[in-house]
1. Only one of (1) more than 12 Å from the ligand (Cβ to nearest atom); (2) open to solvent by 30 Å² or more (accessible area, probe 1.4 Å) is not met by Y170, so which one is it?
2. Quick check, is V99 among the hydrophobic types (A, V, I, L, M, F, W, C), farther than 23 Å from D33 by Cα and within 16 Å of the ligand (Cβ to nearest atom)?
3. Can you tell me which of R40, R23 is open to solvent by 60 Å² or more (accessible area, probe 1.4 Å), basic (K, R) and under 17 Å from R57 (Cβ atoms)?
4. I'd like the residue in the range 62-95 that is among the hydroxyl-bearing types (S, T, Y), in contact with an Asp or Glu (Cβ under 7 Å, 6 or more places away or on another chain) and open to solvent by less than 50 Å² (accessible area, probe 1.4 Å) and, out of all such residues, is nearest to H115 (Cα to Cα).
5. In the range 127-146, what residues are more than 13 Å from the ligand (Cβ to nearest atom) and in contact with a strand residue (DSSP E or B) (Cβ under 9 Å, 6 or more places away or on another chain)?
6. Which of the residues spanning the range 48-61 are away from the ligand (no atom under 12 Å from the Cβ), on the phi < 0 side of the Ramachandran plot and open to solvent by 10 Å² or more (accessible area, probe 1.4 Å)?
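The values are calculated or read from the model by the stated rules, or taken from the named source; none is laboratory data. Owing to the predicted nature of the structure, the values given are computational and were not obtained by experimental measurement. Here the Cβ positions follow ideal geometry from the backbone for every residue, glycine too, while neighbour counts run over all protein chains shown. Remember, those area values only see protein heavy atoms, side chains included, never the ligands or the DNA or RNA. Shrake-Rupley method; radii C 1.70, N 1.55, O 1.52, S 1.80 Å.
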Amino acid sequence: MTILDIVTPPDPILRQKTKPVVRFNAELQSLIDDMIETMRAAHGVGLAAPQVGRSLRLAVIETLPKVDDAGNEIKESRELFVIINPEIVWSSSTVVDGVEGCLSIPGFVGEVTRHDSVRVKALDRHGKKIKLRINGWSARIFQHEIDHLDGVLYIDRLTSPDNFWREEDYYDQFTETDASEEASVHSPV
Ligand code: NI
């Protein structure tokens, strides 16, 4: 497997609408494996194909592991999703504000409003139809990744232009005054 280079602005590929995947061949399988490897190496929880320079409707997502009372990672509590040609078919009317980052915009975070819950139709890595109901923080990751496939970045959706920070400033500003804010910042996607 190969760790791929992650594309950053102003590379125009980040702003293009991606093409649907039509061939579930060996080349696609190795791209998917490389994307999973690249996401993990970058300590991210999601990565979309345009972020590695491929304009394809494909993203990988790996939810954060659950931890036990002693703070140890619970084995196999991470969940890995490969979503191909995904479509959000339903979104909750309930929305939540949260702070997110992006592997293509390193060193920054921003506040974005997302649906609390979504239903997604997609194909898995072998072309089999899947239907997913996703809630909470994972729903945020799915919306962020599917945005990438439409050429949309989270900076387009900030709750206010002021709610965009250098990562270290965000931590300095909020963790001293409100410890609960810290928990709302997760790995970039
Ligand atoms: Ni991203």
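1. Failing condition for Y170: (2).
2. Yes: the conditions hold for V99.
3. R23
4. S92
5. Once the filter is applied, which keeps residues that are more than 13 Å from the ligand (Cβ to nearest atom) and in contact with a strand residue (DSSP E or B) (Cβ under 9 Å, 6 or more places away or on another chain), the range 127-146 yields G127, K129, I130, K131, L132, R133, I134, N135, G136, W137, S138, A139.
6. If the condition is that a residue be away from the ligand (no atom under 12 Å from the Cβ), on the phi < 0 side of the Ramachandran plot and open to solvent by 10 Å² or more (accessible area, probe 1.4 Å), then R54, S55, L56, R57 are the ones that fit.
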